[in-house]
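The values are calculated or read from the model by the stated rules, or taken from the named source; none is laboratory data. Because the structure is a prediction, the values reported are computed rather than measured. Cβ placement follows ideal geometry from the backbone for every residue including glycine, while neighbour counts extend to all protein chains displayed. With ligands, DNA and RNA removed, areas are computed over all heavy atoms of the protein, side chains included. Shrake-Rupley method; radii C 1.70, N 1.55, O 1.52, S 1.80 Å.
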Amino acid sequence: MKVGIVGAGSIAFGAAAYLENAGHRAMLWSPSGARTKRLAAGEALIASGALEGTFHPAVAGSAQQLVEANDVLMIALPGYGHKAVMDAIAPFIRDGQAVLISSHASFGALYLNRLLAERGIVVPIVAWGTTVTTGRQPSLVEAQVNTVRSKVDVATVPESMSAEGLAVCQTLFGDRFVQRDGILAIALSNLNPQNHMGIALCNMTRMEHGETWPQGLNVTPNVGRLLEELDRERIAIAEALGLKVRDIFEHFHLSFHVPKDSVSAMNQEMHREGRGGTGPATADSRYVTEDVPFGLLMTVKLGELTGRPAVLHDAGVRIFSAMYGRDFAAENTLLDAIGMSDLSLERLRQLARDGFEVSTEARAAS
């Protein structure tokens with residue numbers, strides 16, 4: 001299959017390498033064009049680590065070219081870029097395509113669904129709870145793939161197209177996907193925001209000093225307990241919604257293939273095995289700039305709707321806003337775009353299931 005990847009960071013490069021290695025064709029689009037210049041000039045993409053090889057993904061010069069040239073689209077860039085790229089690709093998406101969001105943030109699937117519904121278009125939009133690959137981007141022609149996850153939670157909007165969405169994921173990335181009970185479950189399945197909150201908060205001086213530091217080693221017992229308490233808030237919200245989601249212990253066990261133990265102990269084991277990763281070497285890290293406004297804030301909002309206040313998550317938004325001198329709660333453009341503050345829990349459940357209604361005028365025009 002031909003897959004157009006929106007993004008050109010570590011996750012996009014890892015996905016391109018994986019797809020090319022599996023016999024598919026990948027095309028990358030960087031909205032600025034800066035991150036794909038060397039690939040566009042003919043240099044190869046070199047993957048190392050859990051996936052090795054030399055590949056030559058195509059490069060698109062525009063959103064229109066990317067959409068028109070591919071069967072499937074994959075959004076693989078930080079959450080703060082999702083609305084802008086969804087606005088860019090939505091006018092060109094056609095019936096019969098599918099869109100994968102790796103990974104889903106702040107109900108972006110609903111926003112894209114609304115844009116398409118306004119055009120009379122309904123396609124499977126598959127929200128991933130996390131990414132298939134993890135890694136770093138040593139240069140603009142390298143993908144260091146640390147892990148290829150064995151399990152990834154997914155859900156499709158609208159739910160009536162779930163079988164089609166799951167089939168596309170499996171065709172492209174293999175039998176590693178677990179169908180969850182809608183995007184509300186996916187919204188509560190991404191543990192990165194809560195985990196990154198604890199890790200960044202407790203290692204901020206390392207980040208500001210630009211140190212090279214082992215992340216797994218520095219999930220010490222106290223840090224691990226903070227992550228576990230954050231997880232209890234998330235699980236309480238899921239239970240209030242009647243949803244079954246993996247807890248943090250299952251997450252580390254299934255994603256990183258370590259025996260179940262305390263969160264700190266599992267991270268120490270990953271470090272001993274050389275798979276603990278490296279923490280951010282800058283305060284300008286997605287651990288904060290993406291995960292606070294597009295992850296923690298969403299959990300806070302769901303906590304408010306369900307009567308299960310996420311006080312530690314809310315504290316994280318407020319503390320990081322104070323540390324950075326920014327109002328991170330005001331930076332989430334996706335929640336505002338779907339009118340989250342005006343939605344009842346019942347309406348949110350309905351949208352998560354069926355998506356936005358296609359108007360009669362849009363149907364006639366399409």
Exercise. If only one of Val122, Val141, Val178 is of a type in the set (A, V, I, L, M), surrounded by fewer than 24 Cβ atoms within 10 Å (Cβ to Cβ) and under 29 Å from Pro214 (Cα atoms), which one is it?
Worked result: Val141
For this session: For Arg225, indicate whether it is open to solvent by 40 Å² or more (accessible area, probe 1.4 Å), within 19 Å of Leu335 (Cβ to Cβ), touching a helix residue (DSSP H, G or I) at 6+ places or on another chain (Cβ under 8 Å) and at pLDDT 95 or above.
Result: no
Exercise. Which residue, of Thr134, Thr130, is open to solvent by 10 Å² or more (accessible area, probe 1.4 Å), over 19 Å from Lys244 (Cβ atoms) and in contact (Cβ under 8 Å) with a residue 60 or more places away in the chain?
Worked result: Thr134
For this session: Confirm whether Thr147 is touching a helix residue (DSSP H, G or I) at 6+ places or on another chain (Cβ under 7 Å), of a type in the set (Ser, Thr, Tyr), in a strand (DSSP E or B) and modelled with pLDDT under 95.
Result: yes
Exercise. Since Val311 meets every condition but one in (1) in contact (Cβ under 8 Å) with a residue 60 or more places away in the chain; (2) surrounded by 19 or more Cβ atoms within 10 Å (Cβ to Cβ), which condition does it not meet?
Worked result: (2)
For this session: Under 6 Å between Cβ atoms, at least 6 apart or on separate chains: pull out the pairs that start in the stretch 105-120 with a residue that is of a type in the set (D, E, K, R) and end on any residue that is modelled with pLDDT of 95 or more.
Result: Arg114/Phe356
Exercise. Restricted to the stretch 180-214, and to residues that are part of a loop (DSSP other than H, G, I, E, B) and touching a strand residue (DSSP E or B) at 6+ places or on another chain (Cβ under 6 Å), which residue is modelled with the lowest pLDDT?
Worked result: Ser189
Exercise. In the set Ser162, Ser139, which member is of a type in the set (Ser, Thr, Tyr), over 16 Å from Ser255 (Cα atoms), in contact with a strand residue (DSSP E or B) (Cβ under 7 Å, 6 or more places away or on another chain) and at pLDDT 95 or above?
Worked result: Ser162
Problem set entry | Output for the stretch 215-252, where each listed residue is part of a loop (DSSP other than H, G, I, E, B), closer than 22 Å to Asp314 by Cα and free of Cβ contacts under 8 Å to residues at least 24 places away in the same chain | Asp247
For this session: Could you tell me whether Met197 is buried (at least 20 other Cβ atoms within 10 Å of the Cβ) and over 21 Å from the mean Cα position of the chain (by Cα)?
Result: no
Seminar exercise, completed: Selection over the stretch 19-43 where residues are β-branched (Val, Ile, Thr) and open to solvent by 50 Å² or more (accessible area, probe 1.4 Å) yields a count of 0
For this session: Enumerate the pairs (first residue in the stretch 1-22 and in a loop (DSSP other than H, G, I, E, B); second residue anywhere and of a type in the set (Lys, Arg)) with beta-carbon separation below 6 Å, excluding pairs fewer than 6 apart on the same chain, so at least 6 apart or on different chains.
Result: Ala8/Arg35
Problem set entry | From the options Ile46, Ile89, Ile101, residue that is surrounded by 15 or more Cβ atoms within 10 Å (Cβ to Cβ), closer than 17 Å to Val132 by Cα and of a type in the set (A, V, I, L, M) | Ile101
Problem set entry | In the stretch 331-357, the residues that are within 14 Å of Phe294 (Cβ to Cβ) and either open to solvent by less than 30 Å² (accessible area, probe 1.4 Å) or touching a residue at least 24 places away in the same chain (Cβ under 8 Å) (or both) | Glu331, Asn332, Thr333, Leu334, Leu335, Ala337, Ile338, Met340
Problem set entry | Failed criterion for Glu20 (all others in (1) at pLDDT 95 or above; (2) within 27 Å of Gly276 (Cβ to Cβ) hold) | (2)
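Yes/no matrix, rows are residues, columns are (1) part of a helix (DSSP H, G or I); (2) within 16 Å of Ala187 (Cβ to Cβ); (3) modelled with pLDDT under 95; (4) among the hydroxyl-bearing types (Ser, Thr, Tyr):
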position	(1), (2), (3), (4)
Ala265	yes, no, no, no
Gly274	no, no, yes, no
Thr299	yes, yes, no, yes
Leu302	yes, yes, no, no
Ala315	yes, no, no, no
Ile319	yes, no, no, no
For this session: Scan the stretch 261-273 and report the pairs whose first residue is free of Cβ contacts under 8 Å to residues at least 40 places away in the same chain and whose second residue is open to solvent by 10 Å² or more (accessible area, probe 1.4 Å), with Cβ atoms within less than 6 Å and a gap of 6+ or a chain change.
Result: Met266/Phe252
